[in-house]
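The values are calculated or read from the model by the stated rules, or taken from the named source; none is laboratory data. Keep in mind it's a predicted model, so treat the numbers as computed, not measured. Cβ placement follows ideal geometry from the backbone for every residue including glycine, while neighbour counts extend to all protein chains displayed. Remember, those area values only see protein heavy atoms, side chains included, never the ligands or the DNA or RNA. Shrake-Rupley method; radii C 1.70, N 1.55, O 1.52, S 1.80 Å.
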Amino acid sequence: MSSNNVKRAAVALILRFRPKDGYRNRSPTSSEDSPSNLNSIDQLFSQPWMQDGAVTPEILFIQRAARNGDRWSGHVACPGGRYEPADDNLKYTAMRECWEEIGLDISDQRQFLCLGQLDDREVTSSLGKKLLMILSPFVFVQTTPSDIKLELEPQEVESVHWIPVDLLTDLAQYTRVEVDLPTRLSPKSNIGRAILSTVLSNSTLSFPAIQLPNKPFLTAPQSGLASVTITEENEQDYAPPTPAELDETITELRKRTADNRINKSDHPTEKLERPPLKLWGLTLGFTLDFLSHIPKTDKLDTGISPESSRHLATAHVIKALFPSFNSPDINIWMWVCGRRYRSIRRQWESAALNPGSADKKKNWSGTIRSAHFAAIRKALIFTVIFRICAAFTTISIFGRYLHKFF
């Protein structure tokens, strides 16, 4: 399952519809709740319990456990992992990882339906120059209104969260995740790191993020205690950017574990307030990819056609996919070097408004991401050259000025 020795991975984006009276353990004797094989989303929507307009669509996210040596610690993600040679295919990988991480059997066709696969996402080195992994997201939907028990693997998962779709669309609270730029680039050469740290000091990447409520559906029994040293996922190029706040998140997870032990003995009913979660990066990208395929519908007639709705959703996705810089000169060079990126963006938005058969087959997110990374590489090269020249010019002028007096 690899091309040119590129590793593959798969994740499961799991959707469910929460009934008006909520999920709870129900008697399996009810024909409405009895597991049954549904072959299409239309059959799901025709179920009696789905006829109630008050059903709430929700997406399952996990917060990864804090693990020493794992820079994915504390990230919000979907269940998933790397393809193994024994896996039949990538869909099987997503199902296997979901079972191993949270104990949810999404291969059970009596309770889940696979809606298909989203566009592949490329995991690259810091500037997109080297392809390191291809991530394939698969979408599953729960087809029964009965509650399904989960069992978390504490070495992998800190908590599970069912997030209403409204909190990712109409009611979304947008925020940013700041990442130090020299740390993000982190070349293997010590000299290169020193130059970047000097020339690009105080420069940061600002990643779009959606703030989510931290009210877990389930937490791992020994959450925050995992201390396994990870070597496989700690490769320099593969590791995701580490925001400064992530260290605080890991510290919070460990502190919470110790506090939980005290609370269980002294204050069994007291609950600690959890800091909000932030959905960003790859997970935000393919989540918005999925949501862009769902036409916006309101109880009131808004007068917006499905095509226009898709166009607006696509523009929203593009805006949320890419980071910005805090340095004005880098942003100027980004604009100068971003002609191809802007052209592809206009094409994607046009294709969303008037889709054709060829446009539907094109991996727009991958294409625009490649163009964006190319613009970043050029912009950073020009920025470094410009700043070095500016520094030498300033030193030269200052030296001539001092020479007049000595």
What nm distance separates the two modelled labels at residue 92 and residue 20, each placed 7 Å from Cα along Cα→Cβ? 4.4 nm
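Roughly to the nearest percent, how much of the accessible area of segment 327-405 is carbon and sulfur, given a 1.4 Å probe? Mind dumping the intermediate values first?
Numbers: 3450 of 5300 Å².
Answer for segment 327-405 is 65 percent, counting heavy atoms of protein chains only.
R0 = 51 Å: FRET efficiency of residue 403 with residue 215, Cβ-based, nearest 0.05? Let's see the in-between values first.
Values: r = 67 Å, r/R0 = 1.31.
Efficiency, from the Cβ-Cβ distance: 0.15.
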Mind checking the full-extension length gain between residue 353 and residue 42? Use 0.36 nm per residue of separation minus the Cα-Cα distance, one decimal, nm. 109.5 nm
Inter-probe distance in nm under a simple model that places probes 7 Å from Cα toward Cβ, at residue 377 and residue 332: 2.5 nm
Using a 1.4 Å probe and ignoring any ligands, DNA or RNA, find the accessible area of residue 107 and quote it in Å² to the nearest 10. 60 Å²
Too-long pairs where the Cα-Cα distance tops 25 Å, listed order kept, from 91/278; 91/149; 149/215; 91/362: 91/278
At R0 = 45 Å the Cβ-Cβ FRET efficiency linking residue 173 and residue 394, nearest 0.05, sits at 0.60
At 1.4 Å probe size, what's the solvent-accessible area of residue 42? Round to the nearest 10 Å². 110 Å²
Per-residue HN-Hα couplings for segment 328-343, Karplus 6.51 cos²θ - 1.76 cosθ + 1.60 at θ = phi - 60°, whole Hz, x for Gly and Pro? x, 5, 5, 5, 5, 5, 4, 5, 5, 8, x, 4, 5, 4, 5, 5
Rounded to the nearest 20 debye, what is the charge dipole size of segment 327-405 about its Cα centre when +1 sits on each Lys and Arg Cβ and -1 on each Asp and Glu Cβ? 160 debye
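Which whole-number percent gives the relative contact order of segment 327-405, counting Cα pairs below 8 Å spaced six or more residues apart?
Values: 31 pairs, mean separation 37.7, N = 79.
Here the relative contact order equals 48 percent.
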Taking amide hydrogens as modeled 1.01 Å from N in the peptide plane, which residues meet the under 5 Å criterion relative to residue 158, leaving out close sequence neighbours? 63, 64, 65
